[in-house]
Amino acid sequence: MIEASFERCGRQAAVSGAYQYDTGQRLRMHGLPGPDELLDRDELLSGEAVTVQVQFAYEGDSQTEPRLAEWDEGRGAWIAAIPDDYLTRSENVRVYVEVYYGEDDTGGRTKTMYEGVFRPISRPASFGTVTQEQLEAWAAMEAEIELSLVSAQTAMQNAHDRAQSAQTAETAALAAAARADEAADTAQAAAETLADTVQMLGRMAVRTVRLPAGAEATATLEGGVLTYGIPRGADGAKGETGDTGPADIAFSFAGGVLEIMTR
């Protein structure tokens, strides 16, 4: 039991008897009004109930941890449990005594009427007790492990992305190779067709036939013989050099080139 006396200090009291790493301790507060006296001090009450709550917080904390206090009629003191967390560090712990008036939360009123402070006396931790330093070291190790896991996951994702990129590049390369093979096959077929054409033209004979004047020109290929049908021109007027009838046409085919000559 940890004792706090408000008998001489009024609204504030110092608390003694708290040691670091103690557990299951209770705070007994002497010198505070009992339930009936607290009711008498509130002029707005008309037979309402009164509840006392003790709130704990380390110096500088923005929130408190509450515990309900019970009235010990025999000792004339209020008693509340101390959360074990507030005995793990040798630092100042603020204690606020809050009085609640009313039957329920909707019509009640609260008032912080007393406060105290205590500092657990520093001592080495007992065997098997987890200290604050150990908790902080564990938290730091967890943060480091979490960071390592995130880095590993990032590296794995990057490796996966690179593998996908490589697979995409390989697929594109295979498609390009297939198109290249197709183009090569097409070129080979064209070359073979050209060779066949050149070979055929090399064996081809060319001749002409004269058609009557006014007929349409013709060209036929049969049995390797290319035959041009050329209409005969109309007779021209005679001059000093004689008949100027239709011109003669000569053909020659060599080295894959067909020449048509007139004279």
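Computed from the coordinates by the stated procedures, all read-outs in this text should not be read as laboratory data. Keep in mind that this is a model prediction, so the values were computed, not measured. Glycine also receives a Cβ, built like all others from the backbone with ideal geometry; neighbour counts cover every protein chain displayed.
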Checklist entry - With charges only on Cβ, +1 for K and R and -1 for D and E, what is the dipole size of the range 130-194 about its Cα centre, in debye, rounded to 20? => result 240
Checklist entry - Order of 75-84, 208-217 by packing, highest average Cβ count within 10 Å first? => result 75-84, 208-217
Checklist entry - Taking the simple approach of a point 7 Å from Cα along Cα-to-Cβ for both Met204 and Thr220, what is their distance in nm? => result 1.6
Item to check | Residues whose placed amide H lies under 5 Å from that of Trp78, excluding near-sequence neighbours | outcome: Met29, Leu32, Asp72
Item to check | In nm, spacing of pseudo-spin labels at Ala49 and Met113 (7 Å Cα→C-beta vector) | outcome: 1.7
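Order of Met29, Met141 from fewest to most other C-beta atoms within 10 Å? It would help to have the intermediate numbers written out before the result.
Working: Met29 24, Met141 10.
In order of increasing Cβ crowding within 10 Å: Met141, Met29.
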Next on the checklist: Quick query: amide H of Thr88 versus all other amide H atoms, modeled in the peptide plane; which residues come in under 5 Å with a sequence gap of 5 or more or a different chain?
Outcome noted: Tyr21
Item to check | Cut-off 14 Å between beta-carbons: net charge of the residues surrounding Ala57, Lys and Arg +1, Asp and Glu -1 | outcome: -3
Checklist entry - So what is the orientation-averaged projected area of the range 2-126, using the convex hull of its C-alpha atoms, in nm²? => result 8.3
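With the Cα gyration tensor of the range 130-194 giving a ≥ b ≥ c as the square roots of its eigenvalues, does the rule (a/c under 1.5 for rounded; else a/b larger than b/c for prolate; else oblate) give rounded, prolate or oblate? Don't skip to the answer; put the middle values down first.
Working: a/c = 16.09, a/b = 14.86, b/c = 1.08.
Here the range 130-194 falls in the prolate category.
For the range 44-99, what does the alpha-carbon gyration tensor say about shape, rounded, prolate or oblate, given a ≥ b ≥ c as the root eigenvalues, a/c under 1.5 as rounded, and a/b over b/c as prolate? Could the numbers behind the result be given before it?
Working: a/c = 3.29, a/b = 1.75, b/c = 1.88.
Cα axes put the range 44-99 in the oblate bin.
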Item to check | Estimated vicinal HN-Hα couplings, Hz - the range 62-78 in sequence order (Karplus 6.51, -1.76, 1.60; Gly, Pro = x) | outcome: 8, 9, 10, 10, x, 9, 6, 9, 10, 8, 9, 4, x, 9, x, 9, 8
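Cβ neighbours within 10 Å, averaged per peptide: list 63-73, 160-170 in order, most packed at the top. Don't skip to the answer; put the middle values down first.
Details: 63-73: 14.2, 160-170: 10.0.
By packing density, highest mean first, the sequence is 63-73, 160-170.
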Checklist entry - For the range 109-123, in order, what is each residue's ³J(HN,Hα) by Karplus, 6.51 cos²θ - 1.76 cosθ + 1.60 with θ = phi - 60°, in whole Hz (x at glycine and Pro)? => result 9, 10, 8, 7, 10, 9, 8, x, 8, 8, 10, x, 5, 5, 7
Next on the checklist: If packing is taken as the average count of other Cβ atoms within 10 Å, what order do 19-28, 146-155 fall into, highest mean first?
Outcome noted: 19-28, 146-155
Checklist entry - With each pseudo-label sitting 7 Å past Cα toward Cβ, what's the Asp40-Tyr19 distance in nm, one decimal? => result 4.1
